[in-house]
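Reading through the structure tokens given below for one structure.
The values are calculated or read from the model by the stated rules, or taken from the named source; none is laboratory data. Note that this is a predicted model, so its numbers are computed, not measured. Using ideal geometry, Cβ is built from the backbone for each residue, glycine included, and neighbour counts are taken over all protein chains shown. In case anyone asks, the SASA skips ligands and DNA or RNA and just uses the protein heavy atoms, side chains included. Shrake-Rupley method; radii C 1.70, N 1.55, O 1.52, S 1.80 Å.
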Amino acid sequence: MNEQLIRGLFYKGLLKKNDYSPETEKCIFNTLKGLKNKKTTANKPGMLLGKIQSGKTKTFIGITGLAFDNNYDIAIVLTKGTKALTRQTYERLKEEFSSFQAHDKIQIYDIMNLPDNLIQYELNQKLIFIVKKEIHNLRRLHKAFFEQYPLLQNRKILLIDDEADFASVGFLKTKKEAHEMRVIAGEIDQFRKKVDDISFLQVTATPYSLYLQPEHLKIDGSIQDFQPVKPSFTELVPVSDGYIGGEYYFEESTRKQSIASYLYEAIPPHEPR
């Protein structure tokens, strides 16, 4: 299957707002084509790979808008497990989609503040749920889809795992932290298996742990089936000519002829500190 993608209301609005470069537009379209045509599964998601602070969030927001124009109904954005980052993601999405929300085209919710009295009219709109990668948030997501509003599980869903490596393996410093991260990974895995029509996109700047996952997951001393998440395809987020990141600081700075060499100045051992 190789469907032609439609530039509709949502994408055109975001394009006008963000003025995506031709390279970013190509990345957005190629990513959604991959999600639709390659039929990503629970254990073979698409991957959006970008450098730190290179515009990954702006790009996956564009992908979300294009997805809404092409028969997707719901976007679920999994965020890092801190309240500050969850709030930041929520506010960013509210701002990006503000004009659509003002015209009753979309509803955006932090999953922990999801109302318990939504009506059919609201549920039939495009929906975005922001879900912190934390056990109570994920269980609230399960409750919303499989108990409270069961019709949601039959709609076409785009699941976006931002900072994907954070919850995929979870080899952390303490046994408690490692246990919590593995439980979170299991909850995400169970959700993906239970809904009917879902595309799964991981967004990261550090993909290494995604390739080093176990075939089984051990939780509370017992082995449970666990499908490792390994990318079906990868799209690279383009960076602008003016981007400054790790390469600039750690590679360019070693070249004497580069202006980046002025970033580093050795402090003599005898100098007082």
Starting from the Cα of residue 121, step 7 Å along the direction of its Cβ; do the same at residue 6; then give the gap between the two resulting points in nm.
2.4 nm
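For the stretch 1-108, how big is Rg over Rh, using alpha carbon atoms and the Kirkwood form of Rh? Kindly include the intermediate steps, with their values, before the conclusion.
On the way: Rg = 13.9 Å, Rh = 14.7 Å.
Here the Rg-to-Rh quotient is 0.94.
Quick one: of 36/58; 133/256; 26/94; 38/83, which pairs are farther than 32 Å apart, Cα to Cα? Intermediate results must be reported in sequence, preceding the final value.
Details: 36/58 20 Å; 133/256 44 Å; 26/94 24 Å; 38/83 34 Å.
Cα-Cα > 32 Å for 133/256; 38/83; rest within.
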Determine the equivalent ellipsoid of the stretch 61-112 by diagonalising the alpha-carbon gyration tensor, then write out the semi-axes as square roots of 5 times the eigenvalues, largest first, rounded to whole Å.
20, 13, 9
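Roughly how many percent of the accessible protein surface of the stretch 4-118 is carbon and sulfur, given a 1.4 Å probe and a whole-percent answer? Spell out each step's value before the answer.
Numbers: 2600 of 5390 Å².
The nonpolar share, carbon plus sulfur, comes to 48 percent.
Add +1 for every Lys or Arg and -1 for every Asp or Glu among the other residues with Cβ under 12 Å from the Cβ of residue 104, and state the total.
Net charge in that neighbourhood comes out at +1.
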If you find the alpha carbon centre of the stretch 51-72 and of the stretch 1-35, how far apart are they in angstrom?
8 Å
Accessible area of the stretch 7-115 divided out per residue, in Å², using a probe of 1.4 angstrom:
45 Å²
